[in-house]
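Presented below is the structure to which this report refers.
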Amino acid sequence: MRSRVGPRHARRPVPTLVRGIYLPRSTDAAAFAMASYGIPLLVLATTDSAALTGFAFALEWVPRLGAFAFVGALVDRHGTTAVLRSASAGRALVVLAAAFILPTQAAGLDATVTVMLLAASTGILTECSYIAAETAGGVVSREAGDRAHRVQSVLLGIDQVAMLSGPALAGVLLQWAGTAGMLMVICVFSLLTSVLAPRQYHRAKPAEPQPVLKGLHTGWSTLRSLPALGWLVSGLTVSNLTVGLLQAAAPVIIVKQLGHSTADVGLIWSVAAVASLIAVALCRRAIDRFGLWPVGAVSATIAACACLAVSFTDTYGSYLTLIAVLMAGEGGMTVVLRTLRSRLIPAPVFGATLSLTILLLLLPFPLAGVLVATVPPGQLGHVITICAALQALGLFAAFARLRTTPALRTSFA
């Protein structure tokens, strides 16, 4: 039986990939999407405060960033299975406890503290499981060789399907089943991930314990030795400030300014996920024909133009359309990033370097939450415009630099 990832995997049957990689990745991605988009909606529904919603978004992401200081080294030392299983089980316990506690609390200080703690704890546990799942996918991608982008397209497709259903499901459950209903579904997906955690195909010799700063230094040294990856990460980091701002501001803009429901907020990100999923499928074929650089450059242009336009819209339909176009461009750039990352990062330091790259990419998200918490809702459009302009400049500089570096052209062909 032939493997889906190439001749080198002829000895690994397809069901092993489905059961060992794709299925646990699916359940983890579903829990990730519902927690990331549902908890800010829960905060807004509980506190009715735009400022606290932005603050909760930042509080959800700050612990995630802190997790990258040690999770990469932890995965390199203990393996993906143990980390993914433990983090998913911990997330299930946290949301299960909140599902029982929140309905008993009246709106006020106690409920506010509970949802803020929920945002922080699920944030760090979600990133732990994500790093472990991404590292497991990186192993398969590296072994796929020249077809790494096909494996990454499948993994990214799984993420986008979760993004398609997760936000909408979270919004609908919160509106019709209440807080407990939404949190219980996140708990179920987390438990499934823990049970289905993929086994490592190659059992490496356990690494010696190393300090957190040494792990970060290892990742930084590796990233500096890979200029192509460094430039791409830099451009996407700037871009993510705008993406994070739109994500953090969505509950405030859609519910407070446009007068729609929490389910409508989830619908926007679900439609965006459909657009991204289509873009991923198209990019998979386009990379085969044109190479990484052209596909990345076109995707960056689409994303930048959509962000520049979204700040000028004042209707739900146009907002939904532009967010979908933006996420389509982001989907194309993510395929390029994941493919390049799986090709270039050496296996012995993959976990530490992966953690650092994701840490850099996510740094703008808590800043976006702070902006939503501090900027008056009526001024958010101006802030989005400024960030969109910075995004366009950052992506242009990154891809222009990659295009004009002769020694790196072969990495994009």
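The values are calculated or read from the model by the stated rules, or taken from the named source; none is laboratory data. The shown structure was predicted, so the numbers you read here are calculated from the model rather than taken from an experiment. Positions of Cβ are backbone-derived with ideal geometry, glycine not excepted, and every protein chain shown enters the neighbour counts. Just so you know, the surface numbers come from the protein's heavy atoms only, side chains and all, with ligands and any DNA or RNA stripped out. Shrake-Rupley method; radii C 1.70, N 1.55, O 1.52, S 1.80 Å.
What is the sum of charges around residue 124, taking Lys and Arg as +1, Asp and Glu as -1, for the other residues whose C-beta is under 10 Å from the C-beta of residue 124?
Neighbourhood net charge equals 0.
Given a Förster distance of 56 Å, report the FRET efficiency between residue 109 and residue 225 from their Cβ-Cβ distance, rounded to the nearest 0.05.
0.65
Using only the heavy atoms of the protein chains and a 1.4 Å probe, how would 224, 85, 25 rank by accessible area, largest first?
Result, largest first: 224, 85, 25.
Using the Cβ atoms and a cut-off under 14 Å, what net charge is assigned to the surroundings of residue 56, where Lys and Arg are +1 and Asp and Glu are -1?
-1
What shape does the stretch 59-120 take by its C-alpha gyration tensor, where a ≥ b ≥ c are the square roots of the eigenvalues and a/c under 1.5 counts as rounded, a/b above b/c as prolate, and the rest as oblate?
The shape class here is oblate.
In the chain, with Lys and Arg counted as +1 and Asp and Glu as -1 at Cβ, which of these residues, 35, 175, 74, has the Cα nearest the positive end of the dipole, that is, farthest along it?
Working it through, the farthest residue towards the positive pole turns out to be 74.
Going by the alpha-carbon gyration tensor, a ≥ b ≥ c the square roots of its eigenvalues, is the chain rounded (a/c under 1.5) or, if a/c is not under 1.5, prolate (a/b greater than b/c) versus oblate? Let's see the in-between values first.
Details: a/c = 1.64, a/b = 1.22, b/c = 1.34.
Oblate is the answer for the chain, as a/c is 1.5 or above yet b/c matches or exceeds a/b.
Counting alpha carbon pairs within less than 8 Å and at least 6 residues apart, what relative contact order, in whole percent, applies to the stretch 166-315?
Values: 57 pairs, mean separation 60.3, N = 150.
Relative CO of the stretch 166-315 lands at 40 percent.
Among 275, 339, 357, pick out the residue whose Cα is farthest towards the positive end of the charge dipole of the chain, where Lys and Arg carry +1 and Asp and Glu carry -1 on C-beta, about the Cα centre.
339
Compute, for the chain, the length of the dipole vector about the Cα centre, with Cβ point charges of +1 (Lys, Arg) and -1 (Asp, Glu) only. Units Debye, rounded to 20.
Charge dipole, the chain, about its Cα centre: 1940 debye, nearest 20.
Just how far, in whole angstrom, is the stretch 220-255 from the stretch 260-289 if you go by their alpha carbon centroids?
18 Å
For the stretch 295-372, which whole percent of the accessible surface, found with a 1.4 angstrom probe, sits on carbon and sulfur atoms?
Details: 1810 of 2310 Å².
Within the stretch 295-372, the accessible surface is 78 percent carbon and sulfur.
For residue 288 and residue 397, what is the calculated FRET efficiency with R₀ set at 22 Å and r taken between the beta-carbons, to the nearest 0.05?
In this case the efficiency is close to 0.20.
Give, rounded to the nearest 20 debye, the magnitude of the charge dipole that the stretch 32-174 has about its Cα centre when Lys and Arg contribute +1 at Cβ and Asp and Glu contribute -1 at Cβ.
Here the stretch 32-174 has a charge dipole of around 280 debye.
What is the sum of charges, Lys and Arg at +1 and Asp and Glu at -1, for the other residues whose Cβ falls under 13 Å from the Cβ of residue 42?
Values: positive: none; negative: 48, 60.
Neighbourhood net charge equals -2.
Could you work out the relative contact order of the chain, using alpha carbon pairs under 8 angstrom and six or more residues apart, expressed as a whole percent? Can you show the working numbers first?
On the way: 696 pairs, mean separation 111.1, N = 413.
This gives 27 percent for the chain.
Any chance you could check the Cα centroid distance between the stretch 307-330 and the stretch 88-120 for me, in angstrom?
Cα centres, the stretch 307-330 to the stretch 88-120: 32 Å.
With r as the distance between the Cβ atoms of residue 344 and residue 315 and R0 = 45 Å, compute the FRET efficiency 1/(1 + (r/R0)^6) and round to 0.05.
It comes out at approximately 0.55.
Express in Å², to the nearest 10, the accessible area of residue 70 obtained by rolling a 1.4 Å probe over the protein heavy atoms while all chains stay in place.
About 80 Å², ignoring ligands and nucleic acids.
Short version: ³J(HN,Hα) in whole Hz for each residue of the stretch 271-279, in order, from phi by Karplus 6.51 cos²θ - 1.76 cosθ + 1.60 (θ = phi - 60°), x for Gly and Pro, what are they?
Working through the residues one at a time gives 5, 4, 5, 4, 4, 5, 5, 5, 4 Hz.
Subtract the Cα-Cα distance of residue 195 and residue 257 from 0.36 nm times their separation in residues, and report this length gain in nm to one decimal.
Once the chain is fully extended between residue 195 and residue 257, it gains 18.1 nm.
Would you please name the chymotrypsin sites (Phe, Trp or Tyr not before Pro) within the stretch 300-394 that are DSSP coil residues with at most 13 other C-beta atoms within 10 Å of their C-beta? Don't skip to the answer; put the middle values down first.
Working: sites: 312, 316, 319, 350; in loops: 312.
Those satisfying the criteria are 312.
For a test of the definition: using alpha carbon positions, the gyration tensor, and the 1.5 limit on a/c, classify the stretch 28-76 as rounded, prolate or oblate.
Oblate is the answer for the stretch 28-76, as a/c is 1.5 or above yet b/c matches or exceeds a/b.
By how many nm would the segment from residue 49 to residue 301 lengthen if fully extended, with 0.36 nm per residue of separation less the alpha-carbon distance?
87.2 nm
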